[in-house]
Structures are given as C-alpha cells and as structure tokens.
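The structure appears right after this line, and notes come after that.
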Amino acid sequence: DAIAACGRAAELDPLSSRIVDNYALMLILAGRFEEGLKQVERALSLEPESRQATAWKVLALAESGRFSEAMTEVERPHPFQAPAILAYALARAGRKAEALGLLAKLGTEGVAVENRASVHAALRDWDACFATLAPADINANSVVHLFYSPIFDPVRTDLRFARLLATIGLTREHDKAQAWRTRHKDAEGR
C-alpha cells in the first residue's frame with residue numbers, strides 16, 4: 001500500500017524531489033533495489049544535493065551488493081550527512097574497523113536504534129545487534145525497518161527477535177507484516 005501511495009504521489013507531483021525519494025525508499029525497503037535506484041536518480045536529477053536521496057542511493061547500492069559504487073558515492077565530495085548509512089555501507093562492504101569506528105564516533109545520541117543495529121546486522125554480529133535493540137528506544141520508524149527492511153531479514157529468524165516483539169507488544173503486528181511480505185514476495189522480485 002505504501003509503495004502504491006508513494007508511486008501515485010510521485011505521479012501527481014513529479015517535480016518534488018522529497019516525494020520521489022520517499023517513493024524510492026519504499027521500493028528499497030521492499031527489496032526492489034533497481035527500481036529504487038531509478039527513483040533515487042530521478043530525485044537527484046531534481047535536487048542534486050539532496051541528503052536524503054543520496055542516503056537512499058548508498059543504501060540501495062550497498063543492499064544490491066554494489067559496494068564499490070556505494071563507497072564511491074560516500075567518498076565523493078558532497079553534503080552527504082547520513083553517517084549511520086555510511087557506517088552500514090562500510091559494514092556491508094567488509095570494512096569492519098571503519099564501520100565500527102564511525103559507529104563509536106556517532107555514539108547513541110541522534111542516531112536511530114535501527115540504524116545502529118543495522119551496522120551490527122551487516123557485520124553479522126547478532127549479539128551486538130540485539131544489545132542495540134533496546135525496547136525503550138524502539139519507535140514507529142524503527143518498527144517499519146525491523147518489520148520490512150531486507151537489512152533485518154536474518155535478524156527476524158533469531159529467537160531473540162521474537163522475545164523483543166513480545167516485550168514491546170508487537171508479535172501480532174509482526175506476524176501480519178510477514179504474512180503480507182510472503183503474499184507479495186513475487187511482486188517484490190525476491
């Protein structure tokens with residue numbers, strides 16, 4: 001539903017970079033990376049210095065295994081201001097020391113719990129990932145990423161994830177989200 005709504009919004013206001021890059025994010029969260037990248041490029045053509053669109057571009061490139069392109073993007077001079085996405089991309093590219101160094105430098109203030117946890121997930125450090133996912137820090141935005149983002153696919157199979165859901169009272173909602181993902185798997189291209 002979010003993909004359809006964002007796609008429709010992008011049709012209705014095709015010159016809004018923010019609307020187009022939000023559409024890109026929905027596609028990326030659904031695992032539709034190539035489609036998401038096309039929308040990111042469209043958003044960047046409208047607003048070349050968009051921090052959000054650049055962050056989604058790095059995320060989509062890293063998620064689709066195009067690590068050298070992701071690293072080129074984060075290393076080129078521009079106002080890229082999403083250091084948590086950079087740390088994630090570094091982790092996905094196998095640059096563990098740099099990823100953890102950046103994550104330590106960022107600390108916990110102002111960095112969303114799902115972004116901190118995603119770095120540990122990319123490094124396949126499940127203990128650190130779950131240590132980061134403190135129930136008190138999880139908000140509605142965190143839930144969207146935890147339920148739908150491909151970043152957390154391996155995390156959702158861990159029994160600690162089920163315990164986390166029970167602790168925050170979202171077991172039923174997660175089951176519904178995963179049932180939706182299963183029904184729409186072919187449409188997502190995964």
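The values are calculated or read from the model by the stated rules, or taken from the named source; none is laboratory data. Predicted, not measured: the structure shown is a model, and the values here were computed from it. Backbone-built Cβ (ideal geometry, glycine too); neighbour counts: all protein chains shown. Note: accessible area is taken over every heavy atom of the protein model, side chains too, but ligands, DNA and RNA are not part of it. Shrake-Rupley method; radii C 1.70, N 1.55, O 1.52, S 1.80 Å.
Tabulated data
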read-out: Chain lengthening between W180 and A2 when straightened (0.36 nm per residue, less Cα-Cα); value: 62.8 nm
read-out: Trypsin sites (Lys or Arg not before Pro) lying in DSSP loop within the range 80-150, provided at most 13 other Cβ fall within 10 Å; value: R124
read-out: Estimated dipole of the chain in Debye, rounded to 20 [Cβ of Lys and Arg +1, of Asp and Glu -1, Cα centre]; value: 380
read-out: Estimated vicinal HN-Hα couplings, Hz - the range 57-69 in sequence order (Karplus 6.51, -1.76, 1.60; Gly, Pro = x); value: 5, 4, 4, 5, 5, 5, 5, 8, x, 8, 5, 5, 5
read-out: Whole-percent carbon and sulfur share, accessible surface of the range 33-124, 1.4 Å; value: 51
read-out: ³J(HN,Hα) computed for each position of the range 9-14 - Karplus, 6.51 cos²θ - 1.76 cosθ + 1.60, integer Hz, glycine/proline x; value: 4, 5, 5, 6, 10, x
read-out: Within the range 50-141, GluC sites (Glu not before Pro) in DSSP loop having at most 14 other beta-carbon neighbours inside 10 Å; value: E109
read-out: Charge dipole (the chain, unit charges on Cβ, about Cα centre) - positive-most of A128, A24, L102; value: A128
read-out: Compactness relative to 2.2 N^0.38 Å, alpha carbon Rg of the chain; value: 1.01
read-out: Whole-Hz couplings from phi, Karplus 6.51/-1.76/1.60, listed for the range 123-136; x for Gly and Pro; value: 8, 6, 9, 5, 4, 5, 4, 6, 5, 6, 7, 6, x, 5
read-out: Accessible surface, the chain, averaged per residue in Å² (probe 1.4 Å); value: 51
